[in-house]
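A quick write-up on the structure given underneath.
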Amino acid sequence: MKTTFQLYSLFALILLFVGCKDNQEAKESDKNTSSEISASETGERQGQAFIKDDESTPNVLDIAIGSKDHTTLVAAVKAAQLENVLVNAGPLMVFAPTNAAFEELPDGTVEDLLKPENKEKLSFILKHHVTPGNYDIEFLKKFKKLGQASDQSITVEVEGDDVYVGGAKIIASIPAGNGIVHVVDKVILPTN
C-alpha cells in the first residue's frame, strides 16, 4: 500500500512539474509574440542586419556604413530596405558607387529615387551593383560579363591596369566577411 501511495505521489509531482513548465513556456511565448507585434507596430527594423556584432569581420554593409564616401549608397540601401540582403553569408561582390558618383547623376535623380513610391526602382538599381561571388580585381580581368542580382549582365573591360565594370572604374577593393566591396567611380545603371 505504501509503494502504491508513493507511485501516485510521484506521478502527481511529475504532472505538477510538467504543468508548471508548460505554463512558463506559454507565458514566454506570449511575451515574445507581444514584443514582435510591438516591434512591427512601431516600425522597428528587424533582421540580421540590425544585430550588433563587434567581433566578426565586417560584412559588405558594415564596410559601406563605415565609409564617409558612401553615405548616399547607405541611404539608398536603407530606403530600399536591402540591409538584410547585404549581410547574408554570400559571397557577395558589391560595386559601391561613391558619393561623387551619385552626384554625377542628373539633378534630383537621387532625391526622387529615395522616395517611398520609388522603392522598387531603387532596389532594382542597387541589385544591379551586386554579383554573387568574391573575385579580386585580378580575377575580374578574366571575365567579359558578370551576371548581376538584377538578372541583367554588365560588361567587364580591362584598360592597362584598370578594370571597368558596367562602364564604372574600380578605384579600390576592400575584402569583407561575406565577400568583397569594389569601390567604383560611377553609378552602374541597368539598361531598362
Accessible area per residue for the range 86-192 in Å², computed with a 1.4 Å probe and the full protein assembly in place, what is it?
53 Å²
Summarise the accessible area of the range 79-192 (1.4 Å probe, protein heavy atoms) by the percent that is carbon and sulfur.
52 percent
Using the Karplus equation 6.51 cos²θ - 1.76 cosθ + 1.60 (θ = phi - 60°), what ³J(HN,Hα) coupling, rounded to whole Hz, does each residue of the range 148-161 give in order, writing x for Gly and Pro?
9, 5, 7, 6, 10, 10, 10, 7, 10, 10, 10, 10, x, 8
Under 5 Å, built H, 5+ apart or other chain: amide partners of ILE171
VAL183, VAL184, ASP185
Extension gain from LYS144 to ILE174, taking 0.36 nm per residue of separation minus the Cα-Cα distance
8.6 nm
Relative to the present Cα-Cα distance, how much length would full extension add between ASP162 and THR109 at 0.36 nm per residue of separation?
16.3 nm
Label-point separation (nm) for ASP151 and LYS119, each offset 7 Å from Cα along Cα-to-Cβ?
2.0 nm
Going 7 Å from the Cα of ASP136 in the Cα-to-Cβ direction, what parts of the range 75-113 have a backbone nitrogen less than 19 Å from that spot?
91-96
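The values are calculated or read from the model by the stated rules, or taken from the named source; none is laboratory data. The shown structure was predicted, so the numbers you read here are calculated from the model rather than taken from an experiment. Note: ideal-geometry Cβ built from the backbone for every residue, glycine included; neighbour counts use all protein chains shown. Areas reflect the complete protein model, heavy atoms only, side chains present, ligands, DNA and RNA absent. Shrake-Rupley method; radii C 1.70, N 1.55, O 1.52, S 1.80 Å.
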